[in-house]
Amino acid sequence: MPLLSIYRFKKYLGNFLAHLFLLVMSLIIIVPIVWALSTSLQPSEAVFAEGIGLIPQDFAWENYVAILDAAPFEIYLVNTIIVVTGIILLQLLVVIPAAYSFARLEFKGRDILFFIFIAQMLLPLQAIVVPNYDVMRFLGLVNTRTAMILPWVASGYGTFLLRQQFKQIPNSLVESAKIDGAGHFKILRHIMIPLGKPVITAFALISVVVHWNDYFWPLIITETPDVRTLAIGLGMFVQQESGADWTFLMAGTMFIVMPLLIFFLINQRVFIESLMVKSGIKE
Amino acid sequence: MFSILQAGIYKIKDSDYIKNIFPYLLLLPSGIFLVTFTYYPIFRSIYLSLFDWDLWTPEPEFVGLGNYQELLNDALFLRVIRNNLIYLIGTIPIVIVLSLLLAIIINERTRFREFYEAAAFSPTLVPMAAAAMLWVFIYNPDIGILNRVLNMFGIPGTAWINSSRTALPSLMVVMIWKNIGYYMVLFLAGLQSVDPNLYESAKINGANWFQRHWHVTLPQITPTLLFVIIVNIIQSFRVFDIVHIMTQGGPANSTNVLVYYIYQQTFRFWNMGLGNTLTAIMAIVLFITIVIIMRFLKKLVHYD
């Protein structure tokens, strides 16, 4: 009997410690965001108050109104949506056929071509911003939204993920479709894309999150506010307002954080699950 | 009879044609983008790295390996490389241990799981520029929350990103904070493929929690682990945003990293020759790293 209770006690203690660890970690991780959010909702003097004040004493929405006057955040938001949507649509348009080709067709040089395609994901665009700037200048695309889209269209990562997925689709399905007279495009539309949907969703989500974040490339390629995106808009705002009060800066920061964060909290299951699907490294 | 044969031959020819050209046609759209915006720029950079090209020499002037030589004698370049390596070695183990620990512990229970996952994952969705801004505020010596909390425990705060001693570690903390949630999800995915029966038999053999995970979990998730390490290495080479917003490479270049140095040389000092040389070096170093890792990966897959 005592043995059993010791066992039980150990189990409870283990469970307690685990939850304690998770809780502490969770709090440490979210406190910065909560604190910034709370600051953004306070009048500017509140920053200097004693204590840690995570919960605002009196709410001040004015900061959010004020940042829209100080910088065209609404234009940044629209530009970000245009750029991010443009990237993912074009990515899917070119990646799906390529992934299909690599996964289901036989041709000379397939392996080496596949290596060339996926090696791209290991060479970050950040590394080749300098020559890419020249390419854009040659194409006359400096300071355009198009220039923020094009370099990301060919995606080694997307090609890799979708190829893995298309490979796993049973041959029998494809064969029977072929007997029914389906060509490659029918097979793509009616078998590959519907069955690959979880991976396509995962890739789309990752792409949106990554490109919502883009900073270096827009910094180099944009010159005027009318084409800038949120991340770089914030960067410029910070430089222009340095010395301004913190509640104001945090309102700007939260303005670019919130859209994705809210979208995530609403669709948490979909997000986490599809991210888990996509890392199907195990094949 | 004859016409059927003819038709048959024609058909074979047609499908041969399709067989030969069609796969490449499907690769073409992607290929055009790939060549224009990845491979052509890289080779152009490698080519231009052999030229002097700056404000004083507006027309590129061939200097052979002169730029490379210049960099090897450039104390700042060596400093930058050192910073990148410190960053890489300092963040990878911490990120991996924390994210794996989170994944394992979350995976073992269902209560509050969604809350923990959401909390750990949320920084992933904070754009790097915003994360940087947020942490500038946190590290603020006078009003930042970090020094306030430390003061509560009687520990004197410090200047964090304004001191060359603490600046780089401070940036590393931001990246760790931002990335553990993402890797946690990757590890959670990897953990789904571990056979639960293995834990049971380990338990019967008297293995404690740590031993179970060391001997069962770790070997089973090696592919995920490797993937996370690769992604981490690439990420640590391309760090730029936080440096640009938080420290501009300072104080005294203590946070200057490769991509930031490229940016400075090219778009601040308009030294295209050096900018292209640095780009070429980065591409070549990454390529070599990739090949080594791929070799390693192949070996690993063979053992499976």
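The values are calculated or read from the model by the stated rules, or taken from the named source; none is laboratory data. Please read all numbers here as calculations on a predicted model, not as lab measurements. Please note: Cβ atoms are built from the backbone with ideal geometry, for glycine as well, and neighbour counts cover all protein chains shown.
Could you tell me which residue of segment A:254-272 is surrounded by the fewest Cβ atoms within 10 Å (Cβ to Cβ), considering only residues that are out of contact with any Ser or Thr (no Cβ under 7 Å at 6 or more places or on another chain) and touching a residue at least 12 places away in the same chain (Cβ under 8 Å)?
A:Val270
Checking B:Ala103 against (1) outside the structural domain of B:Thr277 (by TED's automatic domain parsing); (2) among the aliphatic types (A, V, I, L, M); (3) surrounded by 19 or more Cβ atoms within 10 Å (Cβ to Cβ), which test does it fail?
B:Ala103 satisfies every listed condition except (1).
From the list B:Gly206, B:Gly157, B:Gly190, which residue is of a type in the set (Gly, Ala, Ser), part of a loop (DSSP other than H, G, I, E, B) and in contact with a helix residue (DSSP H, G or I) (Cβ under 7 Å, 6 or more places away or on another chain)?
Values: B:Gly206 fails: in contact with a helix residue (DSSP H, G or I) (Cβ under 7 Å, 6 or more places away or on another chain); B:Gly190 fails: part of a loop (DSSP other than H, G, I, E, B).
It is B:Gly157.
When the residues of segment A:116-133 are filtered to those that are more than 7 Å from every other protein chain (Cβ to nearest Cβ) and farther than 15 Å from A:Tyr215 by Cα, which remaining residue is surrounded by the most Cβ atoms within 10 Å (Cβ to Cβ)?
Step by step, filter segment A:116-133, then rank; the result is A:Ile118.
Is it the case that segment A:270-278 has a residue that's out of contact with any helix residue (DSSP H, G or I) (no Cβ under 7 Å at 6 or more places or on another chain), among the basic types (Lys, Arg) and either farther than 30 Å from A:Asp134 by Cα or outside the structural domain of A:Ile88 (by TED's automatic domain parsing) (or both)?
So far as segment A:270-278 goes, no, none of its residues is out of contact with any helix residue (DSSP H, G or I) (no Cβ under 7 Å at 6 or more places or on another chain), among the basic types (Lys, Arg) and either farther than 30 Å from A:Asp134 by Cα or outside the structural domain of A:Ile88 (by TED's automatic domain parsing) (or both).
Which residues, taken from segment B:175-185, are within 9 Å of another protein chain (Cβ to nearest Cβ) and in contact (Cβ under 8 Å) with a residue 60 or more places away in the chain? Even if it seems obvious, please write down each step before you answer.
So the first thing to find is which residues in segment B:175-185 are within 9 Å of another protein chain (Cβ to nearest Cβ), and the list is B:177, B:180-182, B:185.
Of everything in segment B:175-185, those that are within 9 Å of another protein chain (Cβ to nearest Cβ) and in contact (Cβ under 8 Å) with a residue 60 or more places away in the chain turn out to be B:Ile180, B:Gly181, B:Tyr182, B:Val185.
Can you tell me which residues in segment A:34-74 are β-branched (Val, Ile, Thr) and either within 25 Å of the chain's Cα centre (by Cα) or at pLDDT 70 or above (or both)? Outline the logic, then answer.
Quick first cut of segment A:34-74, residues β-branched (Val, Ile, Thr) only: A:34, A:39, A:47, A:52, A:55, A:65, A:67.
A:Val34, A:Thr39, A:Val65, A:Ile67 - these are the residues of segment A:34-74 that are β-branched (Val, Ile, Thr) and either within 25 Å of the chain's Cα centre (by Cα) or at pLDDT 70 or above (or both).
For segment B:68-119: of the residues being more than 22 Å from the chain's Cα centre (by Cα) and among the basic types (Lys, Arg), which is modelled with the highest pLDDT?
The qualifying residue modelled with the highest pLDDT is B:Arg113.
I'd like to verify a number: residues in segment B:97-129 that are in a helix (DSSP H, G or I), within 30 Å of A:Leu234 (Cβ to Cβ) and not small (Gly, Ala, Ser), how many?
Final tally of qualifying residues: 11.
For segment B:236-273, name all the residues that are in contact (Cβ under 8 Å) with a residue 40 or more places away in the chain, within 10 Å of another protein chain (Cβ to nearest Cβ) and over 25 Å from B:Gly90 (Cα atoms).
Correct list: B:Met272 only.
Could you check segment B:27-41 and list, in sequence order, the residues that are under 19 Å from A:Leu141 (Cβ atoms) and out of contact with any Asp or Glu (no Cβ under 9 Å at 6 or more places or on another chain)?
Once the filter is applied, which keeps residues that are under 19 Å from A:Leu141 (Cβ atoms) and out of contact with any Asp or Glu (no Cβ under 9 Å at 6 or more places or on another chain), segment B:27-41 yields B:Pro29, B:Ile32, B:Phe33, B:Leu34, B:Val35, B:Thr36, B:Phe37, B:Thr38, B:Tyr39, B:Tyr40.
Determine if segment A:194-203 includes at least one residue that is within 12 Å of chain B (Cβ to nearest Cβ) and in contact with a Gly (Cβ under 6 Å, 6 or more places away or on another chain).
no
Could you grab me the full set of residues in segment B:32-67 that are farther than 16 Å from B:Thr266 by Cα and modelled with pLDDT under 85?
B:Glu61, B:Val63, B:Gly64, B:Gly66
Output the residues belonging to segment A:98-115 that are touching a helix residue (DSSP H, G or I) at 6+ places or on another chain (Cβ under 8 Å) and surrounded by fewer than 22 Cβ atoms within 10 Å (Cβ to Cβ). Write out each step before concluding.
Of the residues in segment A:98-115, the ones touching a helix residue (DSSP H, G or I) at 6+ places or on another chain (Cβ under 8 Å) are A:98-107, A:110, A:113-114.
A:Ala103, A:Arg104, A:Leu105, A:Glu106, A:Phe107, A:Arg110, A:Leu113, A:Phe114 - these are the residues of segment A:98-115 that are touching a helix residue (DSSP H, G or I) at 6+ places or on another chain (Cβ under 8 Å) and surrounded by fewer than 22 Cβ atoms within 10 Å (Cβ to Cβ).
Looking only at segment B:243-283, how many residues end up being over 17 Å from A:Val129 (Cα atoms) and not hydroxyl-bearing (Ser, Thr, Tyr)?
The qualifying residues number 9.
It is to be established whether one or more residues within segment B:96-105 are under 23 Å from B:Leu188 (Cα atoms), touching a residue at least 24 places away in the same chain (Cβ under 8 Å) and more than 13 Å from chain A (Cβ to nearest Cβ).
Checked segment B:96-105: at least one residue is under 23 Å from B:Leu188 (Cα atoms), touching a residue at least 24 places away in the same chain (Cβ under 8 Å) and more than 13 Å from chain A (Cβ to nearest Cβ).
Yes/no per residue for (1) buried (at least 22 other Cβ atoms within 10 Å of the Cβ); (2) modelled with pLDDT under 85; (3) closer than 21 Å to A:Ile96 by Cα; (4) away from chain B (no Cβ under 13 Å):
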residue: A:Thr224; (1), (2), (3), (4): no, no, no, yes
residue: A:Gly233; (1), (2), (3), (4): yes, no, no, no
residue: A:Ala251; (1), (2), (3), (4): yes, no, no, no
residue: A:Met276; (1), (2), (3), (4): no, yes, yes, no
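Condition first: free of Cβ contacts under 8 Å to residues at least 12 places away in the same chain and either more than 13 Å from A:Ile96 (Cβ to Cβ) or outside the structural domain of A:Val129 (by TED's automatic domain parsing) (or both). Can you find one or more residues in segment A:207-214 that meet it?
yes
Go through segment B:134-154 and give me each residue that's part of a loop (DSSP other than H, G, I, E, B), farther than 30 Å from A:Ile256 by Cα and either at the interface with chain A (Cβ under 10 Å from one of its Cβ atoms) or at pLDDT 85 or above (or both).
B:Phe153, the sole residue that qualifies.
Given the structure, is A:Glu106 touching a Pro at 6+ places or on another chain (Cβ under 9 Å), acidic (Asp, Glu) and farther than 27 Å from B:Asn84 by Cα?
So A:Glu106 passes the test.
Can you pull out every residue in segment A:105-115 that is within 8 Å of chain B (Cβ to nearest Cβ) and of a type outside the set (Asp, Glu)?
Let us first name the residues in segment A:105-115 that are within 8 Å of chain B (Cβ to nearest Cβ), namely A:105-107, A:110, A:113.
If the condition is that a residue be within 8 Å of chain B (Cβ to nearest Cβ) and of a type outside the set (Asp, Glu), then A:Leu105, A:Phe107, A:Arg110, A:Leu113 are the ones that fit.
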